[in-house]
Amino acid sequence: MQQKAQATTWIKRIAVTALLVEVTYVVLLNLALQLPLTQTLINKIKPEKFHISWESAWTWYPFRVHVQGAKGNGQARSQQWEFEAESVSASIDILPLIFKRVWIDGVRVTDVSYFQRPRLKPDKDYSAIMEFFPPISGRDIIPAITTPKKKKRAWHVDIEDIELAGEYQYWIQNFKGGMKGALNAELSVVSRGGLFSLAVAGIDMQLRPHFINENFEVLRSGDLKGAFGLTPMVPQQSKGLKMLPHVVVDADINVDINSLRFIEAFTRSFGSMNIDGGGQVDGHLNMADGKVLAGTDLTIDADNIDVDFYDKQGDIPPGLNIRFYYNKDLPIGTELKGDICEWNEFDQKETVLSPISHKFSFNSDFFTTNANVNLPDGYTYNPHHSVKLRVYSDYIEVGDKNDVSGVPDYSFFSNYEQQWRWRDIYSYGFVDSSGNGVNYPFLNGEHYPFADVLFLQTPLMKNNNVFNNIIFQPIIDNCE
């Protein structure tokens, strides 16, 4: 009984001690977090590297902190940055810090903005884009540090169980944009040029407009759902397309963009080809190790598309740029040609005298033909196909406007007949005995006009003079 009583006493003492430690921790830490002096002391540690502030902060148990109105800015050897968040919560493990390891988990962040710009490297010209860099509070744009790094043990940073929600604004160098939604992420970084990796899951984002140089809109809007990641890589050695083998994507994409440059990531095997344009990208993208995987189903509906070929081999001189456009916007003043038609006022009828045809020829840079340079071989096609919405009557109405009601304003006054002439427009759904009229499907309060179009491509035919000794006999009929 005495041993049991001693054990109970020790348990009570431990519980009381733990409670006192917890109360002391809560009182002292929360007091410190509320004092402006705490922020002042923290920012005196290395003011040239970072500055942080918060509106309010508190903690209820050891090593987990909740912050409202968090702000911060700083700079490294080659970059300057700034962030602002409506609220931030996170837990940190203290003991690994002794071994230069940072483990942070349970991160919860809402409504974030992040700015980043480079420090100026002496071998790079920033004059064309520097005016579009984001402002960083309290910091001027200064030269980068290019001296060799001192030999120090690198920090290993692992941030797990990250949940972001709300509005996001980012402005990195001359690229800025925003989005709204939620995601989960994990991040691993080794300082001093070491490995970097990122895994983002549960993405459910509405994309806001994105711009380059403030006024060039590269993305209008869109939706993104799925997962994204970067396998371990050394950032300094994986810039541009070198990063592609590390990209992992498994996401549903629906975006309206003004730049189709991303297609070049999938056309690298075609050599020096540049692609640009704008349109709608919709579908699913599954990608890893720099390859598009099974399950990818992307549709690109281009409003316009530009393709450039550079420095092709063979008959093309080095340095030649071959460019073609698809569905390019027409400039003001463009002359459009159509059919040559005649409108007969008396008959109230239009007759096509000569339909226009378009032609495409073989590209002489890639194909060799024996055709005349002024009349190259090719194919012709009809670029215009009509879809009837309403039709005129086969019968010409005549009358005097003073005696007949409902004479249309497009009627023609015949001086020869001294009366007005016109054709009535048939009501929708009426078809006369000769089949003249329209009656398209009608569903949900809408008409659906359509036409079956046969897109014929006809080889170009040329007239050739043919001489022979054949004498054709005259045609004789029963009248002769």
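The values are calculated or read from the model by the stated rules, or taken from the named source; none is laboratory data. These figures come from a predicted structure and were not determined experimentally. Cβ sites come from the backbone with ideal geometry, for glycine too, and all protein chains shown count toward neighbours.
Annotations
- Some residue of segment 422-440 being more than 21 Å from THR351 (Cα to Cα), free of Cβ contacts under 8 Å to residues at least 24 places away in the same chain and part of a strand (DSSP E or B): yes
- Selected residue (criterion: surrounded by the most Cβ atoms within 10 Å (Cβ to Cβ)) from residues of segment 340-377 that are among the aromatic types (Phe, Trp, Tyr) and out of contact with any strand residue (DSSP E or B) (no Cβ under 6 Å at 6 or more places or on another chain): PHE362
- Filtering segment 192-212 to residues that are of a type outside the set (Val, Ile, Thr) and either outside the structural domain of ILE162 (by TED's automatic domain parsing) or within 25 Å of ARG77 (Cα to Cα) (or both) leaves ARG192, GLY193, GLY194, LEU195, PHE196, SER197, LEU198.
- Any hit, segment 419-437, residues being touching an Asp or Glu at 6+ places or on another chain (Cβ under 8 Å) and under 29 Å from LEU456 (Cβ atoms): yes
- Residues of segment 142-151 that are part of a loop (DSSP other than H, G, I, E, B) and in contact (Cβ under 8 Å) with a residue 12 or more places away in the chain: ILE142, ALA144, ILE145, THR146, LYS149.
- Selection from segment 232-246 of residues that are within 14 Å of ALA288 (Cα to Cα) and surrounded by fewer than 17 Cβ atoms within 10 Å (Cβ to Cβ): PRO232, LEU241, LYS242, MET243, LEU244, PRO245
- VAL404 under 30 Å from LEU460 (Cα atoms) and of a type in the set (A, V, I, L, M, F, W, C): no
- Scanning segment 376-410 for residues that are small (Gly, Ala, Ser), touching a residue at least 24 places away in the same chain (Cβ under 8 Å) and in a loop (DSSP other than H, G, I, E, B) gives a single hit, SER386.
- Elements of type strands (runs of 3 or more DSSP E) in segment 320-374, at least 1 residues being at pLDDT 90 or above: 340-344, 349-354
- Residues in segment 60-112 that are under 26 Å from GLU167 (Cα atoms) and polar (S, T, N, Q): GLN68, ASN73, GLN75, GLN79, GLN80, SER87, SER89, SER91, THR110.
- Selection within segment 380-395 - in contact with a Gly (Cβ under 9 Å, 6 or more places away or on another chain) and β-branched (Val, Ile, Thr): VAL391
- Enumerated strands (runs of 3 or more DSSP E) restricted to segment 32-138, each holding at least 2 residues that are within 25 Å of ILE172 (Cα to Cα) and in contact (Cβ under 8 Å) with a residue 60 or more places away in the chain: 64-75, 79-92
- All positions within segment 145-164 that are buried (at least 17 other Cβ atoms within 10 Å of the Cβ) and in contact with a Ser or Thr (Cβ under 6 Å, 6 or more places away or on another chain): ASP158
- Among residues of segment 152-178 that are more than 24 Å from VAL190 (Cβ to Cβ) and not assigned by TED's automatic domain parsing to the domain that holds ASP93, none has a Cβ under 9 angstrom from a residue that is among the polar types (S, T, N, Q) and at pLDDT 95 or above at a sequence gap of 6+ or on a separate chain.
This table checks each residue for (1) assigned by TED's automatic domain parsing to the domain that holds ILE159; (2) charged (D, E, K, R); (3) surrounded by 12 or more Cβ atoms within 10 Å (Cβ to Cβ); (4) at negative phi.
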{"site": "LEU28", "(1), (2), (3), (4)": "no, no, no, yes"}
{"site": "TYR61", "(1), (2), (3), (4)": "yes, no, no, yes"}
{"site": "HIS66", "(1), (2), (3), (4)": "yes, no, yes, yes"}
{"site": "GLN75", "(1), (2), (3), (4)": "yes, no, yes, yes"}
{"site": "GLN80", "(1), (2), (3), (4)": "yes, no, yes, yes"}
{"site": "PHE83", "(1), (2), (3), (4)": "yes, no, yes, yes"}
{"site": "SER87", "(1), (2), (3), (4)": "yes, no, yes, yes"}
{"site": "VAL107", "(1), (2), (3), (4)": "yes, no, yes, yes"}
{"site": "ARG117", "(1), (2), (3), (4)": "yes, yes, yes, yes"}
